[in-house]
Structure formats: structure tokens, C-alpha cells
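The values are calculated or read from the model by the stated rules, or taken from the named source; none is laboratory data. Owing to the predicted nature of the structure, the values given are computational and were not obtained by experimental measurement. Here the Cβ positions follow ideal geometry from the backbone for every residue, glycine too, while neighbour counts run over all protein chains shown. The area values use the complete protein model at the heavy-atom level, side chains included, leaving out ligands, DNA and RNA. Shrake-Rupley method; radii C 1.70, N 1.55, O 1.52, S 1.80 Å.
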Amino acid sequence: FRGLTFGLSRRNGIRIRGGQGNVFAGCTFKNMGGMAATIDANQKNTNAGNGLLSCDIYGMGTTGIRLGGGNRKTIEPGENFAINNHIYRCGRRIQTYTPAIKLSGVGNRVSNNLIHHMPHFAVMFSGNEHIIELNEIHRVALKFSDAGAIYTAANPFNRGTIIRHNFIHHMGLEREK
């Protein structure tokens, strides 16, 4: 799907569940009450290759992209992705634990994204064997001090994720003027 605009809804934009090779490229997701996209292929659907590529995502009420897939029992990758997206000003309605990208499952990729102006986290992940790389993250954790650019819970089963070559700058609370 190329060049579509999704906007002004009370809920979410798109949901991919169980498909393979579905790509939204150059699309715009704006001003929704929920999230822009959910990719949550079930555990049987590994190597799915679904994703968002070069999309603009802004003004979401909650999370920008919820990206899952893969099989945690067998550690087979989902191979779903969020690449080269511009994501900002999400979490308007629910401001905590609603990052630009919420990553779960096994073997999914978040790379080359520009993420900024978020009240809490930029990327939140759980699961195994993900790659989070080459993202530029700035002006996040603007409303809450117990937050960071990239976050995971203290779960000993969240292993093998590679976080590399991200450019993180200008972090912290907004000052009221």
C-alpha cells in the first residue's frame, strides 16, 4: 500500500494480523485517537515480513506503531519492521507507556526512524532477538522523569536484542515558561 493517508479517527489506523509481505510505504497517519498501526502476526506466523516504510506518523492518542510477531517458544523471527519512519507527538490521550514504537515478539526490526516530541519513551521493547538501530531520537521523556529513549522491563526472558548506532540527544522534561 503506497501513499495513503489515514486520519481523524477515534480509534486505530491499520491492523495486520497473520499476513505476510504487507508493506505500507510513504503513507501518512495523523490525528487518531488510538495508534497508527498494529502488526501482531500470531505465533504460527513467523518470517512474516510485514511493516511500515517511510511513513509519517503524528498526533496519535496512544502509541505510534505496535510491532510484534515471531515465535517466542521456538525463537523463530517475525521479520516485521518499522524502517525510515518519522514519528512524533504521539501519546496525546494516554501519555505513559505509549511510545512511538512498542516492539514485542521475536526477531523484528526498528531502524532508521526519526522519533521526537514524545511525553514518555521513544521505543519500548520486550521479547527476543530484535534489532534497534540507526534511529535518531530527540526530545522524548518530555513529561515524565522516570523514562528514557529506549526502554525494556526487568524481565530475564527479554534477551538477545541488539541496540546499536542510535543517535539520542536533547532528552528530558519540558520546562513551563
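Considered as an equivalent ellipsoid built on the Cα gyration tensor, region 1-98 has semi-axes of 23, 15, 10 Å, the largest given first.
Round to a whole angstrom and tell me the spacing of the C-alpha centers of region 1-67 and region 81-110. If we compute the Cα centre of each part, the gap is 10 Å. Of the residues T74, T96, T152, the one that moves most in a GNM of the chain with alpha-carbon contacts below 10 Å is T74.
Using a probe radius of 1.4 angstrom, the carbon and sulfur fraction of the accessible surface of region 1-136 is 47%. Given a 1.4 Å probe, how much area per residue of region 76-165 is accessible, in Å²? So region 76-165 comes to 44 Å² accessible per residue, rounded to a whole number.
Between A37, A153, A100, the Gaussian network model of the chain with springs among Cα atoms under 10 angstrom shows the greatest mean-square fluctuation at A153. Spin-label pair I163-F144: with each label point 7 Å from Cα along the Cα-Cβ axis, the two points sit 1.6 nm from one another.
Ordering of 132-143, 17-28 by packing is 132-143, 17-28, highest average first (other Cβ atoms within 10 Å, averaged per residue). Stokes-Einstein diffusion for region 76-166 at 37 °C, viscosity 0.692 mPa s, with a Kirkwood radius from C-alpha pairs, works out to 252 µm²/s. Given the chain, what count of lysine pairs have C-alpha atoms under 25 Å apart, with each pair 8 or more places apart or on different chains? Pairs that pass both the separation and distance tests number 7. Look at the dipole of region 81-177 built from charges on Cβ: of M171, F157, S104, the Cα furthest out on the positive end belongs to M171.
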